[in-house]
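Enquirer: Dumping the structure here so I can ask a few things about it.
The values are calculated or read from the model by the stated rules, or taken from the named source; none is laboratory data. In this text the structure is predicted, and so the values were computed from the model without any measurement. Virtual Cβ from ideal backbone geometry, glycine too; neighbours counted across all protein chains shown. Accessible surface is based on the protein model in full, side chains and every heavy atom, while ligands, DNA and RNA are left aside. Shrake-Rupley method; radii C 1.70, N 1.55, O 1.52, S 1.80 Å.
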Amino acid sequence: MTAETRARAACLIGWPAAHSRSPLIHHYWLRTMDIAGGYSIESVPPEGFAEFVLNLSAHGYVGANITIPHKERALLLSAPDERARAVGAANTLWYDGDKLRSTNTDIEGFINNLDACAPGWDSAEDALVLGAGGSSRAVVFGLIERGIKRVHLANRNAGRAQALADEFDVKANEFGVEIFPFAWRDVGQVLPRTGLLVNTTSLGMTGQPELEIDVGLLPPDATVADLVYVPLMTPLLAKARARGLKTADGLGMLLYQAVRGFELWFGQRPGVTPALYAHVEADLTKA
């Protein structure tokens, strides 16, 4: 089989990477859309990452997903778009001719999942984002682009929240958005006017402490999003649903962030369907 007729293939590059559900998602789409292609896991240590990425085509790949701990270096080794530069990390690579380009699809994954799970969420004037790491950067960028009037940032290290707010100051002004960093201890003061609450921390994840937030302080029309997907139903989401609030879970974001990479590599845009959700959910919850 020649290079021209060989089935296209993409991969996930990480260290470690074996735990990823990305192959499950992409293989499902390849199978159900009847596309001849492949998706593999490549466990590449930091010292071998640059060689692997700069020779991605020679390794047989038309593109790749990037996960921990390589996202920042992937940005430096490729031609990033505005989203990847804003987040400071790249999670998707593809070839434009001979040029290796990169983006960060966590932004659209977060926003598109919210649109699907909680239509009308963007009528909220105030959003509260918990955490100031890489995922928080993607969330804040998405909220700015959607024009949420006020984005409140709370982090256990208040200095990191301030630094993140400073980084997005120009972008926020462009969209008429105000960003307010504040101390974690003051979260309760912001909750009563929070139309969208987003947890980007690891709190509530299996093996981590629970996120102690009083969802009873939220308005009755608020939406709660949790980026954690193990467990799928986090304590935060369980409490929000018990109150009748709209919710968006981390699995939905995981699925939606995978869409554009697949389209870039295989030429067709896949859909996030209930069947795909159930397929990945079954894998997450099996013993």
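Enquirer: For region 1-75, which strands (runs of 3 or more DSSP E) that fit wholly inside it have 3 or more residues that are open to solvent by 30 Å² or more (accessible area, probe 1.4 Å)?
Expert: Numbers: elements: 8-14, 37-43, 63-66.
Result: 37-43.
Enquirer: Among the candidates Glu47, Glu42, which residue alone is of a type outside the set (A, V, I, L, M) and touching a strand residue (DSSP E or B) at 6+ places or on another chain (Cβ under 7 Å)? Walk me through it before giving the result.
Expert: Values: Glu47 fails: touching a strand residue (DSSP E or B) at 6+ places or on another chain (Cβ under 7 Å).
After applying the criteria, what remains is Glu42.
Enquirer: Taking region 76-92 on its own, how many of its residues are surrounded by fewer than 22 Cβ atoms within 10 Å (Cβ to Cβ), free of Cβ contacts under 8 Å to residues at least 40 places away in the same chain and part of a helix (DSSP H, G or I)?
Expert: Here the count works out to 3.
Enquirer: Can you find even one residue in region 112-120 that is open to solvent by less than 60 Å² (accessible area, probe 1.4 Å), touching a Ser or Thr at 6+ places or on another chain (Cβ under 6 Å) and not aromatic (Phe, Trp, Tyr)?
Expert: Scanning region 112-120, I find at least one residue that is open to solvent by less than 60 Å² (accessible area, probe 1.4 Å), touching a Ser or Thr at 6+ places or on another chain (Cβ under 6 Å) and not aromatic (Phe, Trp, Tyr), so the answer is yes.
Enquirer: To continue, here is another question. Go through region 237-287 and report how many residues are of a type in the set (Val, Ile, Thr), in a helix (DSSP H, G or I) and in contact with a Ser or Thr (Cβ under 9 Å, 6 or more places away or on another chain).
Expert: The number of residues fulfilling the criteria is 1.
Enquirer: Return yes when Pro274 is farther than 23 Å from Ala36 by Cα and at pLDDT 95 or above and no when it is not.
Expert: yes
Enquirer: OK, next. Can you list residue pairs whose Cβ atoms sit under 9 Å apart, with the first residue in region 39-59 being free of Cβ contacts under 8 Å to residues at least 60 places away in the same chain and more than 17 Å from Lys71 (Cβ to Cβ) and the second being aliphatic (A, V, I, L, M) and in a helix (DSSP H, G or I)? Count only pairs 6 or more apart in sequence or on different chains.
Expert: As it stands, the answer is Tyr39/Ile25; Tyr39/Leu30, since those pairs meet every condition given.
Enquirer: Where residues in region 235-266 are free of Cβ contacts under 8 Å to residues at least 12 places away in the same chain and not aliphatic (A, V, I, L, M), which of them is most open to solvent (accessible area, probe 1.4 Å)?
Expert: Arg241
Enquirer: Pull up region 1-48, narrow it to residues that are of a type in the set (A, V, I, L, M, F, W, C) and over 22 Å from the mean Cα position of the chain (by Cα), then point me to the one that is farthest from Tyr256 (Cα to Cα). First the steps, then the outcome.
Expert: Start the filter on region 1-48 by keeping residues that are of a type in the set (A, V, I, L, M, F, W, C), which leaves 1, 3, 7, 9-13, 15, 17-18, 24-25, 29-30, 33, 35-36, 41, 44.
Filter once more, keeping what is over 22 Å from the mean Cα position of the chain (by Cα): 1, 3, 7, 9, 33, 35-36.
Working: Met1: 33, Ala3: 30, Ala7: 24, Ala9: 20, Met33: 17, Ile35: 19, Ala36: 22 Å.
My answer is Met1.
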